[in-house]
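Pasting in a structure now, in structure tokens, and then I'll have a few things to ask.
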Amino acid sequence: MAHHTLPFGGAPVAIVTGGESGIGRSAAIKLGKAAIPVALTYFADEARANAVVAEITDSGGRAVAVRTDVGDEQSVEALFELAEERFGTVDLLVNSAGLNMTGVMLRDMELAQFDRLMRADLYGPFLTCRRMVRSLDSANRGGRIVNISSIHESAPRAGGVDYDAAKGGLAQLTATLALELAPKHVAVNGVAPGMILTPMNQSEIDHPGELTRKEAAIPWGRAGTPDEVADLILFLLSSAADYITGTTVTIDGALSLTVAQGA
Ligand SMILES: NC(=O)c1ccc[n+]([C@@H]2O[C@H](COP(=O)([O-])OP(=O)(O)OC[C@H]3O[C@@H](n4cnc5c(N)ncnc54)[C@H](O)[C@@H]3O)[C@@H](O)[C@H]2O)c1
């Protein structure tokens, strides 16, 4: 797909964390089908990850699934080593792996819970971005990073101190890194989804009444799909998005604009 030719030359190679499920899965499949080799990570479900790889290879693309805990330095190192050995220097990175908020108020939250969420949602992008940047530096190449945040990076919810703090931190990690890497032409952007129908919202998917109630609060009148988010991710990775860096793009059907309405 000419649209995905990168401005800094060479054949692009992608890593998608959380590529076994939801938004990461859609992004990995779209990249694979655009003839970009993809190393996608899985955490829990090898069969689901293998099914994503099969969908890509069946359409003529190249993909590999790698078991990775994104919050673990050695695990991230092993992921990049395998991807580089198989496909070459990684110049596209999508950080989609993450855990959802627990709904536990701070006074009741165990440190271990806060730590688990921070490791997945904030340390993960720190570790993968750092590893990618180090190898781009030695290869003297540009690149693209998309970090999947959430509208809750700036719209807090009671019971979300773990998630909201991690995503707020991720927004600043994205912006800071964009500044550091602009001279090297590595673009770093965030995507902040609202309610997207993925396994993260399985209880709404399984209970249509609950889904209808939540969708009624979304001005656009419905939840989003993982493919809609993946299309935005692919745009940000493409040459069409050259010169966009350091920003977070909201994709939420105007949900995050509904604060302070009607009073
Ligand atoms: N679905 C939504 O409504 C929504 C809204 C806003 C933001 N997001 C964000 O989008 C991203 C993708 O979420 P999704 O909706 O596709 O959910 P999902 O649950 O389908 O996918 C998340 C994936 O991350 C993996 N994961 C969790 N912890 C990990 C770890 N430590 N190491 C490696 N992998 C790990 C899970 O196994 C899962 O495969 C997340 O960062 C999430 O916070 C989702």
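The values are calculated or read from the model by the stated rules, or taken from the named source; none is laboratory data. For clarity, every value in this text was computed on a predicted model and none was experimentally measured. Note that each Cβ is placed from the backbone with ideal geometry, even for glycine, and that neighbours are counted across all protein chains shown. Areas reflect the complete protein model, heavy atoms only, side chains present, ligands, DNA and RNA absent. Shrake-Rupley method; radii C 1.70, N 1.55, O 1.52, S 1.80 Å.
Can P219 be described as closer than 18 Å to D121 by Cβ and in contact (Cβ under 8 Å) with a residue 24 or more places away in the chain?
Taking the combined requirement at face value, the residue does not satisfy it.
Within the set of pairs 6 or more residues apart or between chains, which connect a residue that is more than 16 Å from T41 (Cβ to Cβ) inside the range 111-127 to a residue that is open to solvent by 70 Å² or more (accessible area, probe 1.4 Å) and more than 11 Å from the ligand (Cβ to nearest atom) with Cβ atoms less than 9 Å apart?
From the range 111-127, the pairs are F114/L106.
Of the residues R134, R157, R144, which single one is of a type in the set (K, R) and either within 16 Å of the chain's Cα centre (by Cα) or buried (at least 18 other Cβ atoms within 10 Å of the Cβ) (or both)?
Details: R134 fails: either within 16 Å of the chain's Cα centre (by Cα) or buried (at least 18 other Cβ atoms within 10 Å of the Cβ) (or both); R157 fails: either within 16 Å of the chain's Cα centre (by Cα) or buried (at least 18 other Cβ atoms within 10 Å of the Cβ) (or both).
The match here is R144.
T57 - would you say it is touching a residue at least 40 places away in the same chain (Cβ under 8 Å) and not in a strand (DSSP E or B)?
Judged against the criteria, T57 is not a match.
Also, quick follow-up: Search the range 171-225 for residues being of a type in the set (S, T, N, Q) and open to solvent by 60 Å² or more (accessible area, probe 1.4 Å), and hand back the single one that is farthest from E20 (Cα to Cα).
Filtering the range 171-225 for residues that are of a type in the set (S, T, N, Q) and open to solvent by 60 Å² or more (accessible area, probe 1.4 Å), the one farthest from E20 (Cα to Cα) comes out as T176.
Would a scan of the range 182-190 turn up a residue that is out of contact with any helix residue (DSSP H, G or I) (no Cβ under 8 Å at 6 or more places or on another chain), without any contact (Cβ under 8 Å) to a residue 40 or more places away in the chain, closer than 30 Å to N140 by Cα and assigned to a helix (DSSP H, G or I)?
Scanning the range 182-190, I find at least one residue that is out of contact with any helix residue (DSSP H, G or I) (no Cβ under 8 Å at 6 or more places or on another chain), without any contact (Cβ under 8 Å) to a residue 40 or more places away in the chain, closer than 30 Å to N140 by Cα and assigned to a helix (DSSP H, G or I), so the answer is yes.
Across the range 199-235, what is the total count of residues that are near the ligand (Cβ under 8 Å from one of its atoms), touching a Lys or Arg at 6+ places or on another chain (Cβ under 9 Å) and modelled with pLDDT of 95 or more?
Result for the range 199-235: 2.
I would also like to ask the following. Tell me, please, whether a residue that is over 23 Å from P125 (Cα atoms), polar (S, T, N, Q) and within 19 Å of the chain's Cα centre (by Cα) can be found in the range 187-210. It would help to see each step written out before you state the result.
Kept after step one, since they are over 23 Å from P125 (Cα atoms), are these residues of the range 187-210: 202-210.
This time we only want the ones that are polar (S, T, N, Q), so: 202-203.
From the residues that got through so far, the ones that are within 19 Å of the chain's Cα centre (by Cα) too are 202.
Yes, that holds for at least one residue.
Follow-up question, since we're still on this one. In the range 86-113, what residues are within 14 Å of the ligand (Cβ to nearest atom), not in a loop (DSSP other than H, G, I, E, B) and not aliphatic (A, V, I, L, M)?
Matches in the range 86-113: N95, Q113.
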